[in-house]
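Notes to accompany the following structure.
FYI, it's all coordinate maths here, none of it is from the lab. The shown structure was predicted, so the numbers you read here are calculated from the model rather than taken from an experiment. Note that each Cβ is placed from the backbone with ideal geometry, even for glycine, and that neighbours are counted across all protein chains shown.
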There are 2 protein chains.
Amino acid sequence: MYRTHNCGELNILDINKKVILSGWVHNIRILKKYIFIDLRDYYGITKLFIKKKYYLFKINNEYLIRIKGIVKKKNKNNIEVHVYKINIINKSKILPFNINSNGIPKVSKKLRLKYRYLDIRRKVIKDNLIKRSNIINKIRQYFLKKKFIELETPLLVNNTIEGARNFIIPSRNFKGKFYSLPQSPQIFKQLLMIGGIDKYFQIAKCFRDEDLRKDRQTEFLQLDIEISFINKIKNIIKLIEKFIKYIFKKFYNQRIIRFKKIKYNKAIKKYNTDKPNLINKIYNINIKIKKIKKKYNILSFILPNFLNIKNFKINKIIKIINIIFKKKYKKILIINNKNKYNNNFKKKKILNIIKKKFFSEYDILIIIIYNNNLKINKNKIFDKINKLLYNEAIYKKNILIPIWIINFPLFKYNIKNKKYYSYHHPFTCPIINNNKLSYKNYSKSYDLVINGIEIASGSIRINNYKLQKKIFNLLKIKKENINKNFKFFLNALKYGVPPHGGIGIGIDRLILLLLNKKDIKNLIPFPKNYYNKDIMLNSPSKINNNYLFKLGIKIIKKNKIYK
Amino acid sequence: MYRTHNCGELNILDINKKVILSGWVHNIRILKKYIFIDLRDYYGITKLFIKKKYYLFKINNEYLIRIKGIVKKKNKNNIEVHVYKINIINKSKILPFNINSNGIPKVSKKLRLKYRYLDIRRKVIKDNLIKRSNIINKIRQYFLKKKFIELETPLLVNNTIEGARNFIIPSRNFKGKFYSLPQSPQIFKQLLMIGGIDKYFQIAKCFRDEDLRKDRQTEFLQLDIEISFINKIKNIIKLIEKFIKYIFKKFYNQRIIRFKKIKYNKAIKKYNTDKPNLINKIYNINIKIKKIKKKYNILSFILPNFLNIKNFKINKIIKIINIIFKKKYKKILIINNKNKYNNNFKKKKILNIIKKKFFSEYDILIIIIYNNNLKINKNKIFDKINKLLYNEAIYKKNILIPIWIINFPLFKYNIKNKKYYSYHHPFTCPIINNNKLSYKNYSKSYDLVINGIEIASGSIRINNYKLQKKIFNLLKIKKENINKNFKFFLNALKYGVPPHGGIGIGIDRLILLLLNKKDIKNLIPFPKNYYNKDIMLNSPSKINNNYLFKLGIKIIKKNKIYK
């Protein structure tokens, strides 16, 4: 028997029990008469107290041992196990990096990926994986409770995309032909709606052959959702807002009070991006408000609307801004829409303009009006103020400001090859006024961006054969390509297709935000590196020619562009 | 608004409510003054009653319509909606097959696969998918409750197998190299154990490039399980028996009273297969028991041990066996181990031999002793008796007789190429006596077979570097292959690896048994055909040469061996 208890469960109530424990030697301290071991397993750490006479074999860190002992009181709240027998189950080499301290091992990320199975032994990575498992389960239960049906769709599908971003798979039975791994279950979930399924979801593996980013892996999980008998953006938005609020409240009690929503065009004008990070926003109001006289520069720092600033903290902010500006500032104002805080600014006119412009969106502003001659590095000031607010816990940790970007253009133009592409995908329902459909139309689409990260993307779909065909025509997809890839789908649109729409939510990014982490690789059991390489497996790798021959293909080009 | 209610929820309590419904025209009957429509959606069917004056457009089956109406009593328990407004949301072509009757459409299976999205509208397929979703969710909840952690493992992995049964994927970043789709998460789940994860499970997509069978698709789901700190077969068997009992009780109340267990060698001797179907077993005892005199042929039909046969049914069996044998039989005996039934056979000696031989395993036998001169088709007789028992409900529907086959050989020999292969896989822990390891060893392995279908397969794994290396050597895997594919894994075995073991359970087959179905294709949202072809998508398909060029490969052989 390996254990009567695990290393996480013994406590004061177990005193004088005889126990068997198995686990890894997390720490060992050898004194003259005694040996102290922290024994670790999946569940926790138990302290062992061993008299020299029972320590018969040399034991190092990460040795897997089994001990017999008796639970004893260590102090008021803690126990230790007095060991009278030790077996070594399995020895261990010295690890390539330390896993028994709390910090990140001081080795390259590459080395940690190579020994991923050891990195997983670290508490922080293990805890991430446990949280990941919990979050995904909660997501699943949420939608099952709402009577969604979870169905899995195929991973060996057809390649429908022209650009080389799909992974393809040679077929043995049909040599010269290929499967493809899906970038999303888009077509299948629409077919499920056509098949009369009302509310579908799936936590789907998706694939995109791109160089990685910190917030995306080449194989990633997508919470894929589709609903029938809806034709309005708000139907999905409402559902997802509820879900996002639920999941952020459930995990680490993060509140999201208010979702913003803005049309794509306005977002571009206002933020110069369709992925605005509203939490890190600094405005040079000087540029924005023309009526303000030139002798002032005004720098405005916006706080998220759900925070309460208490007066004593405001004084601290003012003090520190003084330091930042070396007292050369002109005036600091901290105001809210009830004029509650230090609002002794005399230029009422300017104040009113500022209020009018921003209070529709934000409740609290810090406005710094400074001398025009003063040369300042605005970003530096922002960073300092940000840090200050963060340290003062005026920012709650993990503030989230979600914003919906809606009504994207239906098409985007590629200047290089002078072609039009779908902004989202060709199944997105256009917004049609006066019966006109051209490259200038907008679409019933919506992306959810939280703190500058695109979390979700979706649209109402086309459920009309003729409209779908028009879109393909506008995209100038060759007739043979339509026949090859979309003919069956166009045909499916002839059989009483319900109005429907849906969304795909990036699970890995959602978890990234939920756990307030920066690198998605720490949240995935076995991640790949930035170049889609699995450092541990050394994958991808060579395949012998005989194998390739049986699949009817041959290598014509080799490279090693990445290490 | 598309609906105030769905088509499954209105009842007597809703009478006189104004409602809006949307759905498909399941059936339409046009009389002189009235029109009757069965309106169908995901949730059910509602009957519509329409006066001619409201029927303004021609409506056919599968048109998607929206109606406004008032709920009225139809008879004591049922309602119908009296319609005063109809909108056609979307028209429908005439379907390629009928979906509004209960039977299987009288068209080819191929046509149904081509129009899978329409086949899904059929109640039986839709219900299968709902049940599938429920079952998979219950499986998940079962293991989560038992504190297993669910983790997903990569699908873009290394190809480690020599035979061409893995799908491979050319890498764009590393031209000339390939990923592979996993046949199972075997290595990863072992690495998770090495990483200190205690109890893992996953409902994993797995891939095998083989021609399909009725009970397997080329991409399939596996309930993948691995546990640390165990080294005995019984640890896993106990867990899985509990689970199987739970899931069969939960779904359709199917009882499994007793699991059998037999060593591989004995199974081969006794059943001549390692996948015995104990429910359909007929013995020619004449062959088996040498002591019985030649003048009798004895055919024995064995009933599963958990059935109760009542006397009146036994008489019926005897009567029907009389008919089958045209009264030429010698003697029918129906006996149980308490000699409760018609046990008037005089040859006590023979009877005792038979009992001794079979009552260790079965409680009830039907033994037919017939004249040696009588030529009979044993299989035909078996079929007839089987049908009889089934019709008489002596078989409960969906009887399940599970049997564990344990201690498989560690290796199997391929006569053709004179090579040894692992019977399961090279990570299976051998049973070692007297420190001897050779091609003759057995292993700590177990398959679960239910009614002749292999449902699960697993083993205790090797957790010792030297032993693992010995196995690779016995398999005569080339050093370069070990270095390429298994070096990292051998290395991982040096870091205090816990004893561990696990199992993989075929989800699709489990569902097949749970729902008492024959063809797995009816239980999967979008199945492929026997040749791994997706008839609907027409996948696999051609890829243009430019695309292939960018991936560094070229087609050298084309074929169309299958339609």
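What shape does region B:98-228 have by the C-alpha gyration tensor, where a ≥ b ≥ c are the square roots of the eigenvalues, rounded means a/c under 1.5, and otherwise prolate means a/b greater than b/c and oblate the rest?
Details: a/c = 3.03, a/b = 1.40, b/c = 2.17.
It comes out oblate by the Cα gyration axes.
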Distances in nm between the label point of A:N491 (7 Å along Cα→Cβ) and its equivalents in the other copies, shortest first, are 5.2
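With the Cα gyration tensor of region A:53-132 giving a ≥ b ≥ c as the square roots of its eigenvalues, does the rule (a/c under 1.5 for rounded; else a/b larger than b/c for prolate; else oblate) give rounded, prolate or oblate? Before the final figure, lay out each step's value.
On the way: a/c = 2.67, a/b = 1.58, b/c = 1.69.
Here region A:53-132 falls in the oblate category.
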Copies of A:I477 compared via label points 7 Å along Cα→Cβ give distances in nm, shortest first, of 4.4
Filtered hits (aspartates and glutamates, Cα-Cα < 19 Å from A:K106, offset >= 8 within chain) -> A:E62, A:D119, A:D519
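Which chymotrypsin sites (Phe, Trp or Tyr not before Pro) in region A:48-127 pass both tests, a DSSP loop state and at most 14 other beta-carbon atoms within 10 Å? Mind dumping the intermediate values first?
Values: sites: A:F49, A:Y54, A:Y55, A:F57, A:Y63, A:Y84, A:F97, A:Y115, A:Y117; in loops: A:Y55, A:F57, A:Y63, A:F97, A:Y115.
Here the chymotrypsin sites (Phe, Trp or Tyr not before Pro) that fit, given the DSSP loop and packing criteria, are A:F57.
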Treating only Lys and Arg (+1) and Asp and Glu (-1) as charged, each at its beta carbon, one finds that region B:12-90 has a dipole about its Cα centre, in Debye to the nearest 20, of 500 debye
Taking the label point 7 Å from Cα along the Cα-Cβ vector, the copy-to-copy distances for A:K33, listed from shortest in nm with one decimal, are 10.8
Honestly region B:431-563 on the Cα gyration tensor test (a ≥ b ≥ c root eigenvalues; a/c under 1.5 rounded, otherwise a/b vs b/c for prolate or oblate) is just oblate
Scattering profile of region B:507-563 from the Debye formula, Cα beads only, expressed as log10 I(q)/I(0) at q = 0.21, 0.23 Å⁻¹, is -0.87, -0.95
Label model pair A:K85, B:K275: point-to-point distance (7 angstrom along the Cα→beta-carbon line) in nm is 4.5 nm
In debye to the nearest 20, the charge dipole size for region A:38-163, taken about the Cα centre with +1 at each Lys and Arg Cβ and -1 at each Asp and Glu Cβ, equals 860 debye
Filtered hits (aspartates and glutamates, Cα-Cα < 19 Å from A:K74, offset >= 8 within chain) -> A:E9, A:D14, A:D38
Once the in-chain neighbours fewer than 8 apart are removed, the aspartates and glutamates whose Cα is under 15 Å from B:K542 read A:E162, A:E480, B:D534
XL table A:K189/B:K175; B:K177/B:K479; A:K33/A:K58; A:K550/B:K419; A:K205/B:K275; Cα-Cα > 23 Å flagged, in table order, is A:K189/B:K175; A:K205/B:K275
Quarter of the surface of the C-alpha convex hull for region A:12-90, i.e. direction-averaged projected area in nm², equals 5.0 nm²
Per residue of A:109-121, other chain Cβ atoms within 10 Å number on average 4
